[in-house]
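Below is one structure; the comments refer to it alone.
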């Protein structure tokens, strides 16, 4: 993971997402500040801003920290605070993170993931040749544990992602130094 700067809310977001979402919650008489009842699904008005989210965050997954083409990798809106936990944030731009489908699925409703908007550069280290990701050994013990928990929860260091990072690095080396 890398630090991600929060991007400004698009001009049309309030009308196309927030107002429609809040009206839906009011119509269903769902409380905004309490978790949704078990099994309750809500309208996915956030999908209306996916193109804006993809453009604002330069097609880069907030968790995997890699560029992905929408034609080859499904882009999704991750609700950093799960919509089931706090419905009032289900339709808020500031709660959205651009995520590739696999990372959004892995994050799910868990709240033990570091927020890409709040992490600092250098918390995660990357061994470029083999693609291994791990906590910065210089971090305090508690921070190392939080970084490791995020790596484990999202399975960021699985063989598939290690290989992908190593291939990207190898391609970079071949294009620039050979």
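Checking each residue in segment 13-33 for being touching a residue at least 40 places away in the same chain (Cβ under 8 Å) and assigned to a loop (DSSP other than H, G, I, E, B) picks out 30, 31, 32, 33. Within segment 39-70, the set of residues being more than 23 Å from residue 169 (Cα to Cα) and part of a loop (DSSP other than H, G, I, E, B) comprises 39, 40, 41, 42, 43, 44.
Which one of 148, 144 is at pLDDT 95 or above, surrounded by 16 or more Cβ atoms within 10 Å (Cβ to Cβ), more than 27 Å from residue 53 (Cβ to Cβ) and not assigned by TED's automatic domain parsing to the domain that holds residue 9?
Sole residue among the options that is at pLDDT 95 or above, surrounded by 16 or more Cβ atoms within 10 Å (Cβ to Cβ), more than 27 Å from residue 53 (Cβ to Cβ) and not assigned by TED's automatic domain parsing to the domain that holds residue 9: 144.
Applying the set (1) assigned to a helix (DSSP H, G or I); (2) more than 23 Å from residue 54 (Cα to Cα); (3) touching a helix residue (DSSP H, G or I) at 6+ places or on another chain (Cβ under 7 Å) to residue 106 leaves exactly one unmet item: (2).
The values are calculated or read from the model by the stated rules, or taken from the named source; none is laboratory data. Bear in mind the structure is a predicted one, so any value in this text is a computation, not a measurement. Every residue, glycine as well, gets a Cβ built from its backbone with ideal geometry; the counts of neighbours run over all protein chains shown.
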